């Protein structure tokens, strides 16, 4: 009976003493580890709710043990929760046979210290490139924070029995294991069911082009390029190119209000829309109604939403960072701050029928590599390799 210790940068909900996942997708995410391991000790942040949210999915499973960490967001809230987390992590590896640490994650990194001291075998799953975040940070404080996270990730991976990356090649340049008998894997955390796929697109004739952008936080001057997209739309308006943008995602630190003001200042308030967070079903419908996916970003792992947009046949424009070049053709990789070229690429797709349809076909075919059953097989192999390390 092998018990896995899992820690990740996520959170669960607790209501009346019972635990819940945010969505069905998150429930399925935890279940994937139980395909190979018999029991799971989950160490992650926890949000207490007096009244259960509508999208919550029960995690009532006798095989899952919860170690709830205080919920925090950002360095200041983390500092306040630091000592409480310290107490919660006492004896965290007791009774566990192996560990998986999903990085970067503040909680998982602290768990890693305990795991390394305990001597149980462990693996890392890398979902984001802290090195790129460090290099492209917009201010010295962010750069310092990401530099520290990057060093911690390098150290965690150097001593790991196994290292898996969401990219096929890129993250591996920065993170690997120095153990002679280490094993390696690559797979996205995406679970893209065949039913999600549509097909290549025909050029949208006779309608205003609709741009999609999806993120978990709508943040002013954030790393996902909201400001840059709005600036590009303003430049397109001056060229006489009519396009609109629907930003999907929940508000973060009053980002929607600030971005709305920016759009109005630039004269494109009527072309910028914020639709809030979307469920899995809503995401599918939202992407199907869109014509182009645009996401300038200064750091990623392998962005799931770009793969999802490709599965809907959308031409995609992003930046040449992290795993993005593994997904998108070079012509549509635009430097983060180059809003002139970003506007050029959008304009090309609105006017060149052949380019639009060719890009759609290429993207759709590439997305097939990330179908759920293919990724599931690679994940299971990686987890079985960790099982083999248990003494």
Determine which member of the set 115, 57 is under 25 Å from residue 379 (Cβ atoms) and surrounded by fewer than 20 Cβ atoms within 10 Å (Cβ to Cβ). 57
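Count, please, the residues in region 365-374 that happen to be in contact with a strand residue (DSSP E or B) (Cβ under 8 Å, 6 or more places away or on another chain) and within 30 Å of residue 99 (Cβ to Cβ). Reasoning before the result, please.
Initially, region 365-374 is screened for residues in contact with a strand residue (DSSP E or B) (Cβ under 8 Å, 6 or more places away or on another chain), giving 367, 370-372.
Restricting the remaining residues to those that are within 30 Å of residue 99 (Cβ to Cβ) gives 370-372.
Residues that pass the stated criteria total 3.
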For region 160-178 the number of residues that are in a loop (DSSP other than H, G, I, E, B), out of contact with any helix residue (DSSP H, G or I) (no Cβ under 8 Å at 6 or more places or on another chain) and under 9 Å from residue 126 (Cβ atoms) is 1
Looking only at region 181-193, decide whether some residue is in contact with a strand residue (DSSP E or B) (Cβ under 9 Å, 6 or more places away or on another chain), more than 23 Å from residue 332 (Cα to Cα) and in a helix (DSSP H, G or I). no
Subset of region 147-159 (residues that are more than 25 Å from residue 391 (Cα to Cα) and either without any contact (Cβ under 8 Å) to a residue 24 or more places away in the chain or in a strand (DSSP E or B) (or both)): 147, 148, 151, 154
Evaluate region 232-254: report whether one residue or more is within 19 Å of the chain's Cα centre (by Cα), assigned to a helix (DSSP H, G or I), modelled with pLDDT of 90 or more and surrounded by 16 or more Cβ atoms within 10 Å (Cβ to Cβ). no
In region 295-306, anything modelled with pLDDT of 95 or more and either surrounded by 24 or more Cβ atoms within 10 Å (Cβ to Cβ) or outside the structural domain of residue 285 (by TED's automatic domain parsing) (or both) is listed as 295, 296, 306
Of the conditions (1) out of contact with any helix residue (DSSP H, G or I) (no Cβ under 8 Å at 6 or more places or on another chain); (2) closer than 24 Å to residue 387 by Cβ; (3) modelled with pLDDT of 95 or more, residue 36 clears all except one; give me its number. (1)
Condition (residue is buried (at least 22 other Cβ atoms within 10 Å of the Cβ), under 20 Å from the mean Cα position of the chain (by Cα) and in a strand (DSSP E or B)) applied to region 266-279: is it met by at least one residue? no
How about region 1-82: which strands (runs of 3 or more DSSP E) wholly inside it have at least 3 residues that are within 26 Å of residue 153 (Cα to Cα) and touching a strand residue (DSSP E or B) at 6+ places or on another chain (Cβ under 6 Å)? 3-15, 39-48, 64-70
Please enumerate the residues belonging to region 314-338 that are in contact (Cβ under 8 Å) with a residue 40 or more places away in the chain, touching a helix residue (DSSP H, G or I) at 6+ places or on another chain (Cβ under 8 Å) and buried (at least 22 other Cβ atoms within 10 Å of the Cβ). 314, 315, 316, 321, 322, 323
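Conditions tested, residue by residue: (1) outside any helix (DSSP H, G or I); (2) touching a strand residue (DSSP E or B) at 6+ places or on another chain (Cβ under 7 Å).
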| position | (1), (2) |
| --- | --- |
| 298 | yes, no |
| 313 | yes, no |
| 331 | no, no |
| 345 | no, yes |
| 348 | no, no |
| 355 | no, no |
| 358 | no, no |
| 363 | no, yes |
| 377 | no, no |
How about region 120-144: which of its residues are surrounded by fewer than 16 Cβ atoms within 10 Å (Cβ to Cβ) and farther than 27 Å from residue 187 by Cβ? 138, 139, 140, 141, 142, 143, 144
Set 208, 168: member being surrounded by fewer than 20 Cβ atoms within 10 Å (Cβ to Cβ) and in contact (Cβ under 8 Å) with a residue 60 or more places away in the chain: 168
Would you point out which residue out of 71, 29 is surrounded by 13 or more Cβ atoms within 10 Å (Cβ to Cβ) and farther than 28 Å from residue 386 by Cβ? 71
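The values are calculated or read from the model by the stated rules, or taken from the named source; none is laboratory data. Treat the numbers as computed from the prediction; the structure is a model and nothing was measured. Glycine also receives a Cβ, built like all others from the backbone with ideal geometry; neighbour counts cover every protein chain displayed.
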